[in-house]
Amino acid sequence: MAVQRLKKEYKDFSLNGSPEFTAGPVREEDMYDWQAVMKGPDGTPYENGIFFLNLKYPMDYPFKPPKISFTTRVYHPNIKSNGELGYIKLYKDGWSPSFTIQKVLQEIFEMMKNPRFDTDDRMPLTEPAKQYKYDRSGFNAKAKAWTEEHAM
């Protein structure tokens, strides 16, 4: 069932893609391993950057979400130093089999434009999150420098 669903999503995505990102299997014979390429959102420190993401689908997809991580280094409050997503609304609010990769990538693209923070003040902030919250100009400069170094 997972392979059929992934083939359908790939076909739909190919026909009705997005100008902000693309995605597809790394190898045609392995539908569980995808790569996505995302443009840095305009008006952000990531503008003009090209970011690569790795998507690993579980065997029981779409009932379980894919594991997604950036392979391009990104200085962002919601992206951990190893590329894992620290916050994504679709995962936090609960995964649904109705979600598609296009919807997930759109959510990540929106997160790139507008970082999100947990409301639980007991959670320690990452270094990028602290800088974003308390020194926005310093954050923007560092995020832009990382984009120029790693994503261009």
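The values are calculated or read from the model by the stated rules, or taken from the named source; none is laboratory data. Note that the structure is a prediction, hence the values are computed from the model and not measured. Note: ideal-geometry Cβ built from the backbone for every residue, glycine included; neighbour counts use all protein chains shown. Keep in mind that these areas ignore ligands, DNA and RNA; they rest on the heavy atoms of the full protein, side chains included. Shrake-Rupley method; radii C 1.70, N 1.55, O 1.52, S 1.80 Å.
Placing +1 on the Cβ of every Lys and Arg and -1 on the Cβ of every Asp and Glu, with no other charges, gives the range 1-108 a dipole of roughly 220 debye about its Cα centre.
Note on the range 15-66: dipole from Cβ charges, positive end direction compared against Pro66, Ile50, Phe21; the farthest Cα belongs to Pro66. Seen against the Cα atoms of the chain and their longest principal axis, helix 2-15 is set at about 70 degrees. Accessible surface for Ser98 stands near 90 Å², nearest 10, in the context of the full protein assembly shown (1.4 Å probe).
Pairs from the table (Lys8/Lys39; Lys67/Lys113; Lys7/Lys103) lying more than 19 angstrom apart at Cα are Lys8/Lys39; Lys67/Lys113.
Volume of the convex hull of the range 8-76 (Cα atoms only), normalised per residue: 105 Å³.
Nonpolar atom fraction for the range 1-112, defined as the carbon and sulfur part of the 1.4 Å probe accessible area, stands at 50 percent. For the residues Phe99, Phe70, Phe109, a GNM of the chain with alpha-carbon springs under 10 Å puts the largest fluctuation on Phe99. How much accessible area per residue does the range 33-77 have, counting only protein heavy atoms and a probe of 1.4 Å, in square angstrom? That works out to 44 Å² per residue. Expressed as an acute angle from 0 to 90° and rounded to the nearest 10, what is the orientation of the C-alpha long axis of helix 136-150 relative to the principal long axis of the chain? It is inclined by approximately 50 degrees.
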